[in-house]
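A.B. asks: Mind looking over this structure? Questions follow.
Bear in mind these aren't lab numbers, they're just calculated from the coordinates by the rules spelled out. These numbers come from a predicted model, not from an experiment. Cβ placement follows ideal geometry from the backbone for every residue including glycine, while neighbour counts extend to all protein chains displayed.
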Amino acid sequence: MDSKIKQALKWIGLGFLEPLINLIRGKEVQKNTRLVLRQIVVPILSVFIFLGACDYGAQYLYNIERERKIEKTRATLGDAEALKMQQSIDAGDLSNKPNSLPSPSDVKNGAIALWEDHQMVSAKKKAFEEKTAALNKQRKAAGQDPITYTGRPSFVDQIITSLKTVFAGFLLAALLAIPAGIVLGLSPTLRSALNWVIQIFKPVSPVVWLLLVSMVVKTVLANSTSDKSFIISFISVGLCSMWATLVNTAMGVSSVDKDYLNVSKVLRLGVFSNVFKVILPASIPMIFTGLRITLSVSWMVLIAIELLAQSPGLGSFVWEEFQNGANDSNAKIIVAMFVIGFIGFGLDRLMMVIQKFASFDSK
Amino acid sequence: MAAFLELRNVSKGYGSGENRVEVLKNINLSIEEGEFIAIVGFTGSGKTTLISLIAGLIEPDEGEILLKGQKINGPGPDRGVIFQNYSLLPWLSVFGNIELAVKQVFPNMSPVDRADHIAKYIEMVNLTPAIQKKPSELSGGMRQRVSVARALAMDPEVLLMDEPLSALDALTRGTLQMEIEKIWYESRKTVVLITNDVDEGILLADRVIPLTPGPGATLGTEYKIGFSRPRDKAAINADPNFKKERNDIINYLDEIGQHRSVNNGEEYVLPDLQPKYLSTKLPLI
């Protein structure tokens with residue numbers, strides 16, 4: 001049982017929890033206590049230190065903003081108004097709240113607000129669906145499109161949209177880069193012929209890719225009713241992030257162990273068997289390393305692309321909150337930042353697990 | 001009438017111009033069908049180059065290699081190779097590794113026959129319990145057995161072994177030597193064994209041929225080994241002829257080895273230096 005749990009933890013990259021299990025079972029107490037201290041307690045402490053530093057920094061910035069606001073009122077409206085302003089700020093009046101870096105507790109409140117908002121929005125959506133269920137049935141029977149909810153998406157809806165975009169982009173990147181990488185890896189001539197493409201386009205910024213893609217998509221899909229902003233953003237994500245997989249695949253394929261190639265030569269395997277039975281399995285670890293980088297890059301560029309493409313998702317959420325400027329907007333932006341970070345971490349771990357299943361050298 | 005496998009004036013070198021190193025020079029060898037040849041030599045004398053030439057993995061610079069009177073042209077399944085480092089594909093099981101080879105050599109075999117064929121050779125090397133294991137789960141000796149089974153299952157004309165046992169411990173090596181002897185006795189394949197172990201050569205081969213040290217290595221005087229088959233390690237070890245053959249070959253190798261070190265000997269003169277006192281401060285220039 002224990003060893004199964006440990007195995008599972010190791011697979012998902014949480015192997016550092018192993019000493020805790022040992023300690024709970026009372027095995028090698030001294031050694032495991034030390035390990036638990038180092039691997040679990042110290043990171044948790046560092047989280048608290050980080051929160052403390054953030055709180056102090058936020059307080060400091062808040063005080064500067066507060067002083068400035070009071071001084072400004074004093075300069076324009078006089079001492080009496082300035083005093084009123086000071087009292088109003090210190091009483092916690094939201095309308096006069098200085099706009100600065102939110103403290104950890106503000107962020108927590110922001111997260112709660114977002115969650116409540118999500119529940120409200122989904123309740124509304126559900127109510128709407130119940131209300132239109134009968135009507136939609138009629139419309140369907142009459143061959144009309146059903147009425148769909150077009151209200152504001154909640155934060156969780158935005159996350160789901162972002163994930164959809166990132167997976168579509170990632171799939172596109174994998175479908176383009178893996179076959180291209182194999183071909184490039186097999187042919188040194190093609191590799192040197194197309195090396196400049198890789199070297200030049202790899203460092204191009206996501207923003208430029210977005211503009212390029214929208215130039216093309218705008219024309220190609222001019223008369224289509226499909227969701228153009230989604231198409232533009234996922235294609236841009238794919239094009240930005242495919243390079244790591246392309247380079248890694250080409251590298252993996254061109255540097256297969258000579259022993260394996262000798263086997264293939266002695267057996268006189270045909271081109272097809274050579275590629276699918278020897279070269280490809282041998283380069284799987286490299287290909288997956290590339291795919292892992294691709295997935296994290298696509299999640300990273302997604303935010304910037306959504307922000308510009310006006311397609312719904314976390315990126316546009318951040319941008320709208322920034323433009324919105326409500327008293328808790330800053331806190332919500334920080335919440336989004338952490339959500340983005342955690343999801344990116346989760347995606348990376350997910351890829352790691354898949355890589356372990358797919359590679360021959362994982363044991 | 002040409003021999004079964006024949007090497008005629010084969011030379012091979014690497015590099016060009018000043019950096020060119022002649023590895024093998026004027027190798028002449030003819031091997032009859034069903035013969036077991038051992039080529040012994042020093043490390044770095046070009047043994048692996050020789051086996052790669054016969055396997056067709058590299059081309060000779062001069063001369064030609066004939067199998068049954070036909071010039072060999074690239075590698076092929078008619079010459080089964082057992083590599084020093086096993087060269088098993090780590091993502092395939094024991095069965096899968098052999099299946100890949102069998103499928104290639106006998107494409108028309110039915111799946112049932114193929115499975116039987118593979119199982120037969122796995123049985124021959126005593127690996128039936130490990131049939132579905134991956135190479136990473138096997139010991140070195142077991143891996144080399146898979147490699148032997150793979151080469152045999154291809155039913156090649158010639159079996160080429162490139163120091164197949166040198167990566168194994170002495171005990172495993174002894175066991176595998178006897179297994180190779182047994183398998184050879186049953187199958188009577190033509191075998192070229194490359195080894196750095198004179199005992200192994202005497203124990204297994206009909207002829208032991210030393211490879212002189214490189215650069216420009218060539219084959220030396222051959223020694224015919226006349227022990228009756230099937231051979232038994234203990235019996236041969238006790239045989240006075242074994243000691244004689246062994247001493248002859250080792251003396252011969254020593255002789256040509258010394259020849260090398262004398263010819264090769266540039267004199268290295270040590271510079272006449274006195275140690276300095278470390279505490280003395282050197283002037284800054």
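A.B. asks: Order of A:345, A:360, A:288, A:317 from fewest to most other C-beta atoms within 10 Å?
C.D. replies: By the 10 Å Cβ count, ascending, the order reads A:345, A:360, A:288, A:317.
A.B. asks: What ranking do A:164, B:103 get, fewest neighbouring Cβ atoms within 10 angstrom at the top?
C.D. replies: Least crowded to most crowded, the residues run A:164, B:103.
A.B. asks: OK, next. If I require 24 Å or longer along the helix axis, counting alpha carbons, and a Kyte-Doolittle average no lower than -1.0, what helices from chain A are left? Use full DSSP H segments.
C.D. replies: A:42-77, A:104-141, A:155-186, A:228-254, A:280-309, A:329-358
A.B. asks: Any idea what the relative contact order of chain A is, in percent, if you count C-alpha pairs under 8 Å spaced at least 6 apart?
C.D. replies: Across chain A, relative contact order equals 19 percent.
A.B. asks: Rounded to the nearest 5, what is the percent of antiparallel bridges among the DSSP beta bridges in chain B?
C.D. replies: 45
A.B. asks: Before rounding to the nearest 500, sum -39500 (n - 2.57) across all DSSP H runs of length at least 4 in chain A and divide by the residue total; then give [θ] at 222 nm in deg cm²/dmol.
C.D. replies: Per the formula, -26500 deg cm²/dmol.
A.B. asks: Something else: Just tell me which aspartates and glutamates come within less than 17 Å, Cα to Cα, of residue A:218; anything on the same chain fewer than 8 places away is out.
C.D. replies: A:227, A:306
A.B. asks: Now a separate question. Between segment B:50-118 and segment A:242-290, what is the C-alpha centre distance in whole Å?
C.D. replies: Spelled out, the Cα-based centre of one part sits 19 Å from the other.
A.B. asks: Can you give the net charge of the other residues whose Cβ lies under 15 Å from the Cβ of residue A:165, counting K and R as +1 and D and E as -1?
C.D. replies: -1
A.B. asks: Now for a different question. Among bridges DSSP assigns within the protein assembly as shown, what percent are antiparallel (round to 5)?
C.D. replies: Expressed as a percentage, antiparallel bridges in the protein assembly as shown total about 45.
A.B. asks: Separate question: In whole angstrom, note down how far apart the Cα centers of segment A:27-78 and segment A:105-165 are.
C.D. replies: Each part reduced to its Cα centre gives a spacing of 36 Å.
A.B. asks: Net charge near residue B:50, counting Lys/Arg +1 and Asp/Glu -1 over other residues with Cβ under 12 Å of its Cβ?
C.D. replies: Details: positive: B:12, B:25, B:47; negative: B:162, B:163.
Once positives and negatives cancel, what remains is +1.
A.B. asks: OK, next. So what's the gap between the Cα centers of segment A:169-194 and segment B:154-187, to the nearest angstrom?
C.D. replies: Spelled out, the Cα-based centre of one part sits 42 Å from the other.
A.B. asks: Count the net charge of all other residues whose Cβ sits under 13 Å from the Cβ of residue A:270, scoring Lys and Arg as +1 and Asp and Glu as -1.
C.D. replies: +4
A.B. asks: What ranking of A:196, B:184, A:115, A:319 emerges when the number of other C-beta atoms within 10 Å of each C-beta is taken as an exposure proxy, fewest first?
C.D. replies: If I rank by nearby Cβ atoms, fewest first, I get A:196, A:115, A:319, B:184.
A.B. asks: In deg cm²/dmol and to the nearest 500, what is the mean residue ellipticity at 222 nm of chain B if only DSSP H runs of at least 4 residues count, each as -39500 (n - 2.57), divided by the residue total?
C.D. replies: Theoretical 222 nm ellipticity from helices: -11500 deg cm²/dmol.
A.B. asks: Same structure again: Over chain B, what relative contact order in percent results from Cα pairs under 8 Å that are six or more residues apart?
C.D. replies: After rounding, I find 24 percent.
A.B. asks: With axes computed from alpha carbons, what is the tilt in degrees of helix B:170-187 against the longest principal axis of chain B, rounded to the nearest 10 within 0 to 90?
C.D. replies: 40
A.B. asks: Enumerate the lysines that residue B:244 could reach by cross-link, defined here as Cα to Cα under 21 Å, with residues fewer than 8 away along the same chain left out.
C.D. replies: Straight-distance partners of residue B:244: B:224, B:233.
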